[in-house]
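Q: Quick one: this structure, given as structure tokens, is what I'll be asking you about.
The values are calculated or read from the model by the stated rules, or taken from the named source; none is laboratory data. Computed from a predicted model, the values in this text were never measured in an experiment. Every residue, glycine as well, gets a Cβ built from its backbone with ideal geometry; the counts of neighbours run over all protein chains shown. The accessibility values were calculated without ligands, DNA or RNA, using every heavy atom of the protein model including side chains. Shrake-Rupley method; radii C 1.70, N 1.55, O 1.52, S 1.80 Å.
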Amino acid sequence: MTSEAFVLWFEDLKYTNIPQVGGKNAFLGEMIRSLAEEGVQVPGGFATTAHAYREFIRHNNLKDILAEETQALDKGERTLEQVGTAIRRALRHGEFPEEIAHAIREAYAGMCRRDGVEAASVAVRSSATAEDLLLASFAGQQEAYLNITGPEDPLAACKRCYASLFTDRAINYRRERGFDHLEVALSVGVQKMVQSDRAGSGVMFSLDTDTGFPDVVVIDAAWGLGETVVQGAVDPDEYRVFKPRLAEPDLDPILTKKLGRKEKKMIYAVGGNQSTQTVDTHEAERNRLVLTDDEILTLARWAVIIEKHYRMSGL
């Protein structure tokens, strides 16, 4: 694997590639590469690299702008809002070097060929190269864009992800923790969308995040795309599963199933300039659990497999 690559496929990545593609993309690659044979299903895709980001900065002569703006902030000459706005504008107006644009277009075309479709629907997500380290977590500070289709839209979404490395929140976080703004780079993950707007999605934890109790899997689920759950915009269903009994097929280790209100859901948009839209759920959806028992148990078993893998890897 060359350090000069602009694009890397998820299946070629593992957790040691955090410097090249950030924590989010490295761990997606690790799961696809190592856990597919154990039945854990993760949608495929590719990541642009930190090298691609730095070449974008160099090609558009943005390093001086980044340095000048952040130094002006440190000196009290400009406000956080002014600096963030100026930097994001400069990044959004930049142009990809042709070799990087070509690499992204070719990788997206490869995804379309793999799926046998003309224009694959993808999620475009940010993955900072200092993300998920022991002393810092940049989770949620950069942007994600859903239901992106066509050969040019992933390029535009990648630039918007680059710009989101300099949200006001992200700039302030790095200042407080002593990160050099010019040293942190951004990788962008382009991942096949699961059309969960026709069903449900959510988040899962291999322990109780409130108490730290390690013997339960906690799953939150709502109708539609998972961003509403991640953003705390809905009251989701909650399921709890007792991990020590998951390996015993004759037992039902589901401890609780709590019905959430699930008053809204995010779905694909049809027409217009937006790729997604948030709509009200129907009464039948609000009164029905998103997941079946079989789905709850399958997900919980995946959580245990993933947790075991990373413990064995010393992470």
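Q: If you check 236, 154, 214, which single one turns out to be touching a Gly at 6+ places or on another chain (Cβ under 8 Å) and not basic (Lys, Arg)? Walk me through how you get there before you give the answer.
A: Details: 154 fails: touching a Gly at 6+ places or on another chain (Cβ under 8 Å); 214 fails: touching a Gly at 6+ places or on another chain (Cβ under 8 Å).
Every option except 236 fails the conditions.
Q: Out of all the residues in segment 219-240, which are open to solvent by less than 20 Å² (accessible area, probe 1.4 Å), over 13 Å from residue 205 (Cα atoms) and touching a Leu at 6+ places or on another chain (Cβ under 8 Å)?
A: Answer for segment 219-240, where residues must be open to solvent by less than 20 Å² (accessible area, probe 1.4 Å), over 13 Å from residue 205 (Cα atoms) and touching a Leu at 6+ places or on another chain (Cβ under 8 Å): 225, 237.
Q: Which number in (1) of a type outside the set (A, V, I, L, M, F, W, C); (2) under 29 Å from residue 145 (Cα atoms); (3) in contact with a Phe, Trp or Tyr (Cβ under 7 Å, 6 or more places away or on another chain) marks the one condition that residue 198 misses?
A: Just one mismatch for residue 198, condition (3).
Q: Only one of (1) open to solvent by 10 Å² or more (accessible area, probe 1.4 Å); (2) of a type outside the set (D, E, K, R); (3) closer than 19 Å to residue 125 by Cα fails for residue 90. Which number is that?
A: Tallying (1) open to solvent by 10 Å² or more (accessible area, probe 1.4 Å); (2) of a type outside the set (D, E, K, R); (3) closer than 19 Å to residue 125 by Cα, residue 90 fails exactly one: (3).
Q: Pairs under 6 Å by beta carbon, first residue closer than 20 Å to residue 54 by Cβ in segment 161-186, partner exposed (fewer than 14 other Cβ atoms within 10 Å of the Cβ), six or more apart or different chains?
A: Cβ pairs passing all conditions: 163/92.
Q: What single numbered condition from (1) assigned to a helix (DSSP H, G or I); (2) under 28 Å from residue 173 (Cβ atoms); (3) touching a residue at least 40 places away in the same chain (Cβ under 8 Å); (4) open to solvent by less than 20 Å² (accessible area, probe 1.4 Å) fails to hold for residue 55?
A: If we test residue 55 against (1) assigned to a helix (DSSP H, G or I); (2) under 28 Å from residue 173 (Cβ atoms); (3) touching a residue at least 40 places away in the same chain (Cβ under 8 Å); (4) open to solvent by less than 20 Å² (accessible area, probe 1.4 Å), just (4) comes out false.
Q: Please specify each residue of segment 196-210 satisfying the condition of being open to solvent by 60 Å² or more (accessible area, probe 1.4 Å), assigned to a loop (DSSP other than H, G, I, E, B) and either at pLDDT 95 or above or hydrophobic (A, V, I, L, M, F, W, C) (or both).
A: From segment 196-210, those open to solvent by 60 Å² or more (accessible area, probe 1.4 Å) are 198, 204-205, 207, 209-210; that's our starting set.
With assigned to a loop (DSSP other than H, G, I, E, B) added as a condition, the list becomes 207, 209-210.
The one that is open to solvent by 60 Å² or more (accessible area, probe 1.4 Å), assigned to a loop (DSSP other than H, G, I, E, B) and either at pLDDT 95 or above or hydrophobic (A, V, I, L, M, F, W, C) (or both): 207.
Q: Need the failing condition index for residue 249 against (1) in a loop (DSSP other than H, G, I, E, B); (2) open to solvent by less than 40 Å² (accessible area, probe 1.4 Å); (3) over 19 Å from residue 287 (Cβ atoms), just the number.
A: Exception for residue 249: condition (2).
Q: Could you list all residues from segment 58-86 that are in contact with a Ser or Thr (Cβ under 8 Å, 6 or more places away or on another chain) and either open to solvent by 60 Å² or more (accessible area, probe 1.4 Å) or of a type in the set (A, V, I, L, M, F, W, C) (or both)?
A: Narrowing segment 58-86 to residues in contact with a Ser or Thr (Cβ under 8 Å, 6 or more places away or on another chain): 73, 83-84.
Once the filter is applied, which keeps residues that are in contact with a Ser or Thr (Cβ under 8 Å, 6 or more places away or on another chain) and either open to solvent by 60 Å² or more (accessible area, probe 1.4 Å) or of a type in the set (A, V, I, L, M, F, W, C) (or both), segment 58-86 yields 73, 83.
Q: Right, something else. Restrict the check to segment 178-195 and report whether at least one residue is within 22 Å of residue 234 (Cβ to Cβ) and open to solvent by 60 Å² or more (accessible area, probe 1.4 Å). If you could, list the steps in order and put the result at the bottom.
A: Residues of segment 178-195 within 22 Å of residue 234 (Cβ to Cβ): 193-195.
Then keep just the ones that are open to solvent by 60 Å² or more (accessible area, probe 1.4 Å); that gives 194-195.
Yes, there is a match, as at least one residue in segment 178-195 is within 22 Å of residue 234 (Cβ to Cβ) and open to solvent by 60 Å² or more (accessible area, probe 1.4 Å).
Q: Could you check, for segment 104-114, whether at least one of its residues is in contact (Cβ under 8 Å) with a residue 60 or more places away in the chain and open to solvent by 100 Å² or more (accessible area, probe 1.4 Å)?
A: Yes, there is a match, as at least one residue in segment 104-114 is in contact (Cβ under 8 Å) with a residue 60 or more places away in the chain and open to solvent by 100 Å² or more (accessible area, probe 1.4 Å).
Q: Any residue at all in segment 140-153 that's of a type in the set (Phe, Trp, Tyr), modelled with pLDDT of 90 or more, under 19 Å from residue 63 (Cβ atoms) and surrounded by 20 or more Cβ atoms within 10 Å (Cβ to Cβ)? I'd like the intermediate steps shown before the answer.
A: Kept after step one, since they are of a type in the set (Phe, Trp, Tyr), are these residues of segment 140-153: 145.
Add one more test, that the residue is modelled with pLDDT of 90 or more, and what stays is 145.
Those still in the list that are under 19 Å from residue 63 (Cβ atoms) too: none.
No: segment 140-153 contains no residue that is of a type in the set (Phe, Trp, Tyr), modelled with pLDDT of 90 or more, under 19 Å from residue 63 (Cβ atoms) and surrounded by 20 or more Cβ atoms within 10 Å (Cβ to Cβ).
Q: Would you call residue 47 at pLDDT 95 or above, surrounded by 20 or more Cβ atoms within 10 Å (Cβ to Cβ), in contact with a Gly (Cβ under 8 Å, 6 or more places away or on another chain) and outside any loop (DSSP other than H, G, I, E, B)? Talk me through it step by step, then tell me what you get.
A: On the way: at pLDDT 95 or above: yes; surrounded by 20 or more Cβ atoms within 10 Å (Cβ to Cβ): yes; in contact with a Gly (Cβ under 8 Å, 6 or more places away or on another chain): yes; outside any loop (DSSP other than H, G, I, E, B): yes.
Judged against the criteria, residue 47 is a match.
Q: Does at least one position in segment 263-271 carry a residue that is more than 30 Å from residue 55 (Cα to Cα), in a helix (DSSP H, G or I), open to solvent by 30 Å² or more (accessible area, probe 1.4 Å) and free of Cβ contacts under 8 Å to residues at least 40 places away in the same chain?
A: Narrowing segment 263-271 to residues more than 30 Å from residue 55 (Cα to Cα): 263-271.
Adding the requirement that they be in a helix (DSSP H, G or I) leaves none.
No: zero hits.
Q: Restricting the search to segment 1-44, which residues are assigned to a loop (DSSP other than H, G, I, E, B) and closer than 13 Å to residue 188 by Cβ?
A: The one that is assigned to a loop (DSSP other than H, G, I, E, B) and closer than 13 Å to residue 188 by Cβ: 6.
Q: Still on this structure: Please determine, by comparing only the residues of segment 31-40 that are touching a residue at least 24 places away in the same chain (Cβ under 8 Å) and under 18 Å from the mean Cα position of the chain (by Cα), which one is farthest from residue 80 (Cα to Cα).
A: Of all residues in segment 31-40, those touching a residue at least 24 places away in the same chain (Cβ under 8 Å) come to 31, 34-35, 38-40.
Cutting the leftovers down to under 18 Å from the mean Cα position of the chain (by Cα) gives us 31, 40.
Values: 31: 38, 40: 42 Å.
By that ranking, first place goes to 40.
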